[in-house]
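The structure appears below as structure tokens.
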Amino acid sequence: MASMALVLTVCFLGFFVPAPSVASPSNNNDFLRCLSTNIPSQLVLTPSSPSFTPLLVSSIRNARLVAPATASHPLCIVTPTSTSHVQTAVRCGRRHSVRVRVRSGGHDNEGLSYRSTTPNGEAFAVIDLAKLHAVHVNPHEATAWVETGATAGEVYYRIATAAPGLGFPASVCPTVGVGGIISGGGIGLMMRKYGLSADNVLDASMVDANGNLLANKKAMGDDLFWAIRGGGGGNFGIVLSWKLRLVPVPPKVTFFKVAKTMEQGAVDTVTKWQTLAPALPDDLSVRVVIEKSQANFQSLYLGNCSTTVATMRSRFPELGVTSADCKEMSWLQYTAYIYFGDAINSKPLEALLLNRSTTLGPFVKNKSDYVKKALTKETWKKIFLWPNGAASGQLILEPHGGIMDRIGAAKIPFPHRSSVLYNIQYVELWNGKEVGGNVTPNWIGSLYNFMTPYVSKNPRGAYVNYRDLDIGANKVVDGVISVDSAKVWGESYFGPENFRRLAEIKRKVDASDYFQSEQSVPPLPFN
């Protein structure tokens, strides 16, 4: 279960602030001195500190991203405990030509929230928001204000204990930072009933590119508030907190798990699943994890076991679900069980869901696709038999449909809605010989290429929370990101119309492109 879990982040000032250039050592020292004027020294760690490396790797699970020789690492890590600390970091960065990157949970698939892929590139600092993780639940309003550094597990636990009968649709993985989830949309097993995490954001507060606090959506304006709900993390400012709409969950939910080998009809079953799963009742989601030529079906039903079995027997008899396959539990127990499995029987839920400590796993590479037309049985047979070699490969299929069909592609930046049957996450795990090694085994790349005719086209869609630098990276010409280079990956994540709107908003709120990375939305030029 643990390896499976691995697979699983305006008061616009009308003057121009010059974009940072490559910082000199004196700039770096001036930046650090600037931080020290308003941030306690224990909250700013430099590489000379014994705590620097442990903090840097504290939320990294992918060994591929730890200290690679082909990347640059931060000048310092700021661990703010207040809004003013975040404002200081941005203002000092602007003043002394040091950019900042921001992380909330550290699960960034390419590590761009805490590292640069450019060796000896310009200096940057990391703002790690893990200490900003408060969750304030209002049971009467069915809302919660959640700080960006909280993990999904913290959010689930605080909601369920403060307001039994309420929940929130988000990630299967409880250690992911809620800021990262929402910034990219936030898919999960309740999205067919309630939409994405970002669809359920009512308000937010953030620090903009000039270090100003925008305390609510009114201060941001409609465009910026639209952009931060699914437009990717680290593009428009630093979101500090989110006001969430909580959703009703019954006293008991049902989880089932059924495995099918190829000899047991896995190919036929997955072939039918493609069109059946998106058409099931909205409160029933059945996803598939394919590994080692076996399909593992996992469900969440917002109701009891007997109804689950009756529905599956009627709609999907090939799966053969029985009451013995089902487990009834509270929604909070489910959020732990789908990740930790039977460990919930021996450890308290708070020990599992509130634990932020991580274990560095194997090397991992992720890619994603969207499927709009069901694949044939013959195609699935080839996929099931795709050679693994020495690596371990997984496919995770997440069904869409339900309310996802009824939300427009432009409602928020996440565009993958009514035409989508399901999302595919490709995951490859292997034991690298060198920490930070970039050589990926052939399984994921060759299978991704094979899938080209069968997935979304023009552009080939991808999920921004499964960030993938293979799609493309920004090209910087004379200090300016080429919008054409950003379109290559940006239109895959957001679609052409939404990407253009994001670039227009970026021009309004961060014209000098202070918040910049290898896959950051650039400002749309005025010409």
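The values are calculated or read from the model by the stated rules, or taken from the named source; none is laboratory data. Quantities reported herein were computed from a predicted structural model and do not represent experimental measurements. Using ideal geometry, Cβ is built from the backbone for each residue, glycine included, and neighbour counts are taken over all protein chains shown. Remember, those area values only see protein heavy atoms, side chains included, never the ligands or the DNA or RNA. Shrake-Rupley method; radii C 1.70, N 1.55, O 1.52, S 1.80 Å.
Accessible area per residue of the chain at 1.4 Å probe, in Å²? Intermediate values should be presented prior to the final figure.
Numbers: 20050 Å² over 527 residues.
It amounts to 38 Å² per residue over the chain.
7 Å from Cα along Cα→Cβ at both Lys377 and Asn345: what's the point-to-point distance in nm?
Taking the simple label geometry, Lys377 and Asn345 are separated by 3.8 nm.
May I have the convex hull volume per residue, in Å³, for the Cα set of the stretch 399-506?
Details: hull volume 15.0 nm³, N = 108.
That works out to 138 Å³ per residue.
Any idea how far the Cα center of the stretch 328-369 sits from the one of the stretch 140-199, in Å?
14 Å
Considering the values (i) -0.25, -0.47, -0.59, -0.73; (ii) -0.18, -0.36, -0.48, -0.61; (iii) -0.22, -0.42, -0.54, -0.67, which represents log10 I(q)/I(0) by the Debye sum over Cα atoms at q = 0.05, 0.07, 0.08, 0.09 Å⁻¹ as calculated for the structure under consideration?
(ii)
Where in the stretch 233-314 are there trypsin sites (Lys or Arg not before Pro) that are in a DSSP coil and have at most 13 other Cβ atoms within 10 angstrom of their Cβ?
Details: sites: Lys243, Arg245, Lys252, Lys257, Lys260, Lys272, Arg287, Lys292, Arg313; in loops: Lys252, Lys292.
The qualifying sites are Lys292.
Could you give the dipole magnitude of the stretch 150-277 about its Cα centre, charging the beta-carbon of Lys and Arg +1 and that of Asp and Glu -1, in debye to the nearest 20?
Charge dipole of the stretch 150-277: 420 debye, to the nearest 20.
Using the structure shown, list the pairs from Lys131/Lys193; Lys218/Lys475; Lys411/Lys457 with a Cα-Cα distance above 24 Å, or answer none.
From Lys131/Lys193; Lys218/Lys475; Lys411/Lys457, over 24 Å: Lys131/Lys193; Lys218/Lys475.
Go ahead and collect, in residue order, the members of the stretch 194-220 whose backbone nitrogen is under 13 Å from a label point 7 Å along the Cα-Cβ direction of Asn38.
207-214
Let's test the formula: R0 of 41 Å, r as the Cβ-Cβ distance of Asn449 and Asn138. What FRET efficiency results, to the nearest 0.05?
0.25
With every protein chain left in place, what is the accessible area of Ser306 in Å² (1.4 Å probe, nearest 10)?
Roughly 80 Å² of Ser306 is accessible to a 1.4 Å probe.
Ignoring ligands, DNA and RNA, please state the percent of accessible area on the chain from carbon and sulfur, probe 1.4 Å.
Percent of accessible area from carbon and sulfur atoms in the chain: 53.
Taking a probe of 1.4 angstrom, what is the accessible area of Phe340 in Å², to the nearest 10?
Here the residue's solvent-accessible area equals roughly 60 Å².
Within the stretch 220-371, how many Lys pairs sit with Cα atoms under 16 Å apart, leaving out pairs fewer than 8 places apart on the same chain? Working shown, then result.
Details: Lys252/Lys327; Lys257/Lys327; Lys260/Lys272; Lys260/Lys292.
Counting lysine pairs in the stretch 220-371 gives 4.
Give me the number: length gained by fully extending Lys292 to Ser485, i.e. 0.36 nm times residue separation minus the C-alpha to C-alpha distance, one decimal in nm.
65.8 nm
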